[in-house]
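First comes the structure, then the notes that go with it.
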Amino acid sequence: MPRRYKPAKRVPLPDPIYNDVDVAKFINRLMTRGKKSVAERIFYTALESLQSRIQEKPLEVFHKVLKKVKPLVRVKARRVGGSTYQVPMEVREDEAVAIGSRWLIQYARKRNGRSMAEKLAAEMLDAYNGAGSTIKKREEMHKMAEANKAFAHYRF
């Protein structure tokens with residue numbers, strides 16, 4: 001990381017169908033081995049599946065899911081005087097979206113199902129309804145931050 005200047009934030013081009021940068025970032029995180037067209041097909045199929053289950057616009061559902069999934073606080077290990085403390089810290093907006101979408105993809109991959117599109121749609125539906133592994137992970141993170149609130153003064 002450079003000391004003299006902060007590098008410019010690189011924003012990917014918006015996706016072709018919804019013209020949304022968050023969707024493009026999610027597709028890039030979903031992509032494995034550089035196969036973007038496969039990742040796009042998985043994502044758009046999952047959104048179509050969601051649209052058939054929930055009578056809302058798929059883009060709105062996606063943004064609601066991201067909002068429900070992203071963490072507000074997290075813990076970071078800080079070494080102070082020979083001991084390591086789990087220090088709760090607020091999460092920046094862009095970092096929170098990245099963490100939330102990473103969890104969504106991770107737990108969708110772990111699900112049992114036929115195709116990745118179906119698994120992703122099921123995980124998004126669970127997150128939309130306030131259940132599922134991703135929401136559980138977020139709550140677990142918040143509980144850990146709450147438990148270690150006494151060490152918040154080590155934040156720097």
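Read-outs throughout are calculated quantities, based only on the coordinates presented, and are distinct from any laboratory measurement. Source: prediction; values computed, not measured. Every residue, glycine as well, gets a Cβ built from its backbone with ideal geometry; the counts of neighbours run over all protein chains shown.
Summary of computed values
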item: Segment 115-142-segment 1-71 distance, computed between alpha-carbon centres (Å); result: 16 Å
item: Highest-first arrangement of 141-147, 103-109, where packing means the average Cβ count within 10 Å; result: 103-109, 141-147
item: Rough spin-label spacing in nm, given labels placed 7 Å along Cα→Cβ, for Lys35 and Asn148; result: 3.7 nm
item: Furthest towards positive pole of dipole, Val80, Gly100, Met124, structure part the chain, Cβ charges; result: Val80
item: Between 0 and 90°, nearest 10: helix 93-110 axis offset from the chain longest Cα axis; result: 60 degrees
item: Order by protection proxy (mean Cβ within 10 Å, highest first), peptides 12-18, 79-85; result: 12-18, 79-85
item: Theoretical FRET efficiency, 1/(1+(r/R0)^6), r = Cβ-Cβ of Lys57 and Arg10, R0 35 Å, to 0.05; result: 0.80
item: Peptides 88-97, 121-130 ordered by average Cβ neighbours within 10 Å, highest first; result: 121-130, 88-97
item: Percentage relative contact order, the chain, counting C-alpha pairs under 8 Å, at least six apart; result: 23 percent
item: Within segment 21-154: Cβ-based charge dipole about Cα centre, in debye rounded to nearest 20 (Lys, Arg +1; Asp, Glu -1); result: 500 debye
item: Calculated P(r) of the chain - Cα pairs past 19 Å, %; result: 59 percent
item: Set of segment 80-105 residues, backbone N closer than 14 Å to the point 7 Å along the Cα-Cβ line of Arg155; result: 86-93
item: Cut-off under 5 Å, modelled amide H: who pairs with Val87 long-range; result: Lys76, Ala77, Arg78
